[in-house]
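This report refers to the structure that appears directly beneath it.
The values are calculated or read from the model by the stated rules, or taken from the named source; none is laboratory data. Here the structure is a predicted model, which means the values were calculated and not measured. All Cβ positions, even for glycine, are placed from backbone atoms using ideal geometry, and neighbour counts span all protein chains on display. Please note that ligands, DNA and RNA were not included when accessible areas were found on the heavy atoms of the full protein model with its side chains. Shrake-Rupley method; radii C 1.70, N 1.55, O 1.52, S 1.80 Å.
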Amino acid sequence: MSTERASRHRTALVTGASGGIGKGIAEAAARDGWHLVLSARSTRDIDAFAEDWRRRYGVQVTALAQDLSKPGGADALFDAVMARGIVIDCLVNNAGIGVYGEFIDTSLDEELAMLRLNVEAPTVLAKRFLPQLVERGGHILNIASTASFPPGPFLAVYYGSKAYLRSWSEGIAEELAPRGVDVTAFCPGPVRTQFADRANAKRSALFRAGHLPDGDEVGRAAWQACMQGRRLVVHGALNKVQVFAMRFTPRTWLAKIVRRVSRPV
Ligand SMILES: NC(=O)c1ccc[n+]([C@@H]2O[C@H](COP(=O)([O-])OP(=O)(O)OC[C@H]3O[C@@H](n4cnc5c(N)ncnc54)[C@H](OP(=O)(O)O)[C@@H]3O)[C@@H](O)[C@H]2O)c1
C-alpha cells in the first residue's frame with residue numbers, strides 16, 4: 001500500500017518537533033498527508049512553520065508545549081492529546097538530549113533529567129498510546145542512535161540511554177507485530193542539528209567530521225523506515241559499516257576507540 005493511501009485521516013505525534021530531526025520527520029509525514037501533533041518545550045518555532053504546512057500540505061497541525069524531562073511530563077502530554085479528542089496512529093519518540101563530559105564531572109541533575117527525557121518519556125508515551133495504536137494498527141518510531149551500540153566514554157549516560165531505547169524498541173517490536181503495530185528503532189550517526197551545542201559536545205572530535213547530514217535528510221529517512229515497518233535501521237553507509245564492524249570488536253577496544261573519537265579537541 002502506498003504511504004499516501006495508508007496515511008489517509010491518520011495522525012502522528014512527534015516529540016521534539018521544533019527543529020532538527022523531529023522537524024524533518026514531521027515535514028515528511030505532512031508531505032504524506034498525515035495530520036500532526038507536534039510537541040516541544042516551547043511551541044514558538046512550531047507555530048512559525050505550522051501555518052505554512054497547513055496551507056502547503058492541507059494537514060491539521062496541533063502544537064503542544066510540554067517539558068518531557070519533568071516528572072509527569074509524558075503523562076501530561078498524553079492527557080493534553082486526549083483532552084483534544086485526537087487519536088494517534090503513529091507515535092514518534094524523537095525528543096532527546098546529551099550531556100557531554102567525564103561522568104565524574106557531569107551534573108547528576110542534568111543526567112537524571114536526560115534519562116527522564118530519553119528513556120522514561122518514550123516508555124510512558126508508548127504505554128499510554130498503545131491501546132489506540134493496537135486498535136487501529138499503528139506505528140511507533142523511536143529515534144535511537146549509533147551511540148546505542150558501543151560503550152560511550154564522555155557521553156556514557158547518553159549512550160546508555162540510547163542502548164535502552166534500541167533494546168526496548170526491538171523487544172516490543174517482536175511482541176507487537178502480531179497485534180498490528182510496527183516498531184522502528186532508527187539509529188543516526190552524528191547529525192548537523194542543535195544537539196551537539198546543547199550537549200556541550202561541540203568540542204568533541206565526533207562532531208567535527210567534514211560532512212554531516214542535516215535534520216531534514218535524516219528525518220525523511222527515519223519516516224520512510226517507519227512507514228516501511230522496519231525494526232532496526234542504521235542511517236548512512238559509513239555508519240552501517242561501523243556498526244557492523246563493532247560486532248567483531250572486543251568491547252574494551254570499542255570503549256577506547258569511542259574515547260578517542262569523542263575526546264575534546
Ligand atoms: N544530532 C545528532 O548528532 C544525533 C545523532 C543520533 C541521534 N540523535 C537523536 O535524535 C533526536 C533529536 O535530536 P536532534 O539532533 O534533532 O536535536 P535538537 O536539534 O537539539 O532537537 C531536539 C528537540 O527536542 C526538543 N526538546 C529538548 N529538550 C526537551 C524537553 N525537555 N522536553 C521536550 N522536548 C525537548 C527540542 O525543542 P525545545 O528545546 O523547544 O524543547 C527540539 O525540538 C534525539 O533523541 C537525539 O538523541 C541525534
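For Asp79, project a label point 7 Å along Cα to C-beta. Then give me every residue of region 16-43 with its amide nitrogen under 15 Å of that point.
none
From the cross-link list Lys70/Lys256; Lys70/Lys162; Lys127/Lys202; Lys23/Lys202, which pairs have alpha carbons spaced over 30 Å apart?
Those over the limit are Lys70/Lys256; Lys127/Lys202.
Angle, helix 215-227 long axis vs. longest principal axis of the chain, Cα atoms, 0 to 90°, nearest 10?
So the inclination is approximately 60 degrees.
With everything on Cα atoms, drop me the angle between helix 156-176 and the longest principal axis of the chain, reported from 0 to 90° to the nearest 10.
Relative to the chain, helix 156-176 is tipped by roughly 40 degrees.
Considering only DSSP beta bridges with both partners in the chain, what is the antiparallel share in %, to the nearest 5?
Details: 1 of 27 bridges.
Beta bridges within the chain, antiparallel portion: roughly 5 percent.
By its C-alpha gyration tensor, with a ≥ b ≥ c as the square roots of the eigenvalues, how is region 192-250 shaped: rounded for a/c under 1.5, else prolate for a/b larger than b/c, else oblate?
oblate
Give the accessible surface of region 87-174 per residue, rounded to a whole number of Å², with probe radius 1.4 Å and ligands, DNA and RNA excluded. If you can, show how the numbers build up before the last one.
Values: 3290 Å² over 88 residues.
For region 87-174, the solvent-accessible area averages 37 Å² per residue.
Based solely on its DSSP helices, what 222 nm [θ] is calculated for the chain when runs of n ≥ 4 H residues each add -39,500 (n - 2.57) and the sum is averaged over all residues, nearest 500 deg cm²/dmol?
-14500 deg cm²/dmol
First measure r as the distance between the Cβ atoms of Arg251 and Glu135, then evaluate 1/(1 + (r/R0)^6) with R0 = 51 Å and state the FRET efficiency to the nearest 0.05.
According to the calculation, E is roughly 0.75.
What does the net charge come to around Arg116 if you take all other residues with beta carbon closer than 14 Å to its beta carbon, with K and R at +1 and D and E at -1?
Working: positive: Arg41, Lys70; negative: Asp67, Asp75, Asp109, Glu110, Glu111, Glu120.
Its environment carries a net charge of -4.
In nanometres, what is the gap between the two model label sites at Arg54 and Lys127, each 7 Å from Cα along Cα-to-Cβ?
3.5
Tell me whether the chain comes out rounded, prolate or oblate; compute the Cα gyration tensor, take square roots of the eigenvalues as a ≥ b ≥ c, and use a/c under 1.5 as the rounded threshold.
On the way: a/c = 1.64, a/b = 1.51, b/c = 1.09.
Prolate shape, in that a/c is at least 1.5 and a/b is the bigger ratio.
What do you get for the angle between helix 20-31 and the principal long axis of the chain? Use alpha-carbon atoms, 0 to 90 degrees, nearest ten.
The two axes meet at around 30 degrees.
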